[in-house]
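The values are calculated or read from the model by the stated rules, or taken from the named source; none is laboratory data. Fair warning: this is a prediction, and the values are worked out from it, not measured in the lab. No Cβ is skipped: glycine too gets one built from the backbone with ideal geometry, and neighbour counts run over all protein chains shown.
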Amino acid sequence: MPMMQWETLILETVQLGGSIVFVEDKAPKDLSAWMMPFQSLFLGEIPFVKRRAQDLLSGRLQTSFQDLVILFSEQDEILTKLNSVLQGQRLLLSPDAVTEKNPLIDFIWSGCDLKTWTEALQRLHVSWSQASAIEDYQGSHQGPCLFLDRDDVVVKNVPYNRDPSLVELMPGIDGLMKKAHAQGFWVALVTNQSGLGRGWIPWTDYQKVHQKMLSLLAEKGCWIDECVWAGFYEKEPVPQGRQYAGLRKPRTGMFQLVNAKLKVNMAKSVMVGDSASDLIAAFGAGVGRLYLLSSEKLEKEQKDLLQFQLKNPSFQFAVAKDFSQVQI
């Protein structure tokens, strides 16, 4: 039995990592009955949550852009209040025909009462295990990416730098970036920044340093297509240091984020870093060519990589004395 539009929308929400979100305020009294099929039919396979407006407005809880927010006709007023903080697609369920489009709503399911809703989820349940993967953009995952660490790769390392006047580009980095872009590569920055996670660098200072780097690159006619940073640092007491452990290299999270947005051909991509964690993370993400840039810590980092190679024979890397030795 083919799935209908709304069943497909729910399925794709889950496939993309989202949840079904119900807003409690001004919802129908039988809201629990609308939520029940997710538990009774799917036994937790479709994540769903109920949120209060005050929790969303205060920032105590959040929605994400992958979510599908279910709304009812009675919730127009609360939607207006939540508009600035409510992420995700919005689906209005209305038992009546809706003729006027609310600009705050993405999809309208007219003629949807509780019986119609339940029957649709029952059809989705029948088709659930046969669902195919979501097709990506036409021509996606063809462009490779030049992944770059920041400190001692794009800019000279100033430990925990908070001063934009100290930002200085590494010699030759502009030539490498221009070459990459000329050959159809994306260019992405993937950088561990424990100073944020430790609370040593205020966000405003990090922003100034980051923007000075971008300004210097722009003066050279260069740009970065995507920048990702990881503030996580184990056992740090500040909240930012506890968040997103999977992003910090040698974990692969930052590479996965770049890939999700830019649709990268990872096998044809290149990583240039100055530490073992840079290359190990890139290898785990499927990056095809790995370069360890020569630095004061070269001997130690090279030793760590050779130890990693003993357990991972397919891991290969090259040492680059400068950017001219990086093959794009």
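Quick notes on this one:
- Complete set of residues in the stretch 282-315 that are within 26 Å of Ile134 (Cβ to Cβ) and aliphatic (A, V, I, L, M): Ala282, Ala285, Val287
- Considering Gln193, Gln207, Gln240, the condition of being more than 15 Å from the chain's Cα centre (by Cα) and without any contact (Cβ under 8 Å) to a residue 12 or more places away in the chain is satisfied by Gln207 alone.
- Flag if Gln256 is under 14 Å from the mean Cα position of the chain (by Cα) and farther than 18 Å from His141 by Cα: no
- Members of the stretch 261-294 that are part of a strand (DSSP E or B) and either more than 25 Å from Leu16 (Cβ to Cβ) or of a type in the set (Asp, Glu) (or both): Val270, Met271, Val272, Gly273, Arg289, Leu290, Tyr291, Leu292, Leu293
For (1) within 30 Å of the chain's Cα centre (by Cα); (2) assigned to a strand (DSSP E or B); (3) at negative phi; (4) outside the structural domain of Ile224 (by TED's automatic domain parsing), each residue gets a yes or a no:
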residue: Pro103; (1), (2), (3), (4): yes, no, yes, yes
residue: Glu119; (1), (2), (3), (4): no, no, yes, yes
residue: Arg123; (1), (2), (3), (4): no, no, yes, yes
residue: Asn157; (1), (2), (3), (4): yes, no, yes, no
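- Restricting attention to the stretch 48-97 and to residues that are assigned to a loop (DSSP other than H, G, I, E, B) and modelled with pLDDT under 95, the residue that is surrounded by the most Cβ atoms within 10 Å (Cβ to Cβ) turns out to be Pro95.
- Positions within the stretch 126-150 being buried (at least 17 other Cβ atoms within 10 Å of the Cβ) and either without any contact (Cβ under 8 Å) to a residue 12 or more places away in the chain or in a loop (DSSP other than H, G, I, E, B) (or both), in sequence order: Pro144, Asp149, Arg150
- Subset tally (residues that are within 30 Å of the chain's Cα centre (by Cα), loosely packed, with under 15 Cβ neighbours inside 10 Å and touching a residue at least 12 places away in the same chain (Cβ under 8 Å)) for the stretch 25-47: 1
- Any hit, the stretch 295-311, residues being among the small types (Gly, Ala, Ser) and either free of Cβ contacts under 8 Å to residues at least 60 places away in the same chain or not in a loop (DSSP other than H, G, I, E, B) (or both): no
- Residue within the stretch 250-258 that is without any contact (Cβ under 8 Å) to a residue 60 or more places away in the chain and either among the hydroxyl-bearing types (Ser, Thr, Tyr) or surrounded by fewer than 15 Cβ atoms within 10 Å (Cβ to Cβ) (or both) present: yes
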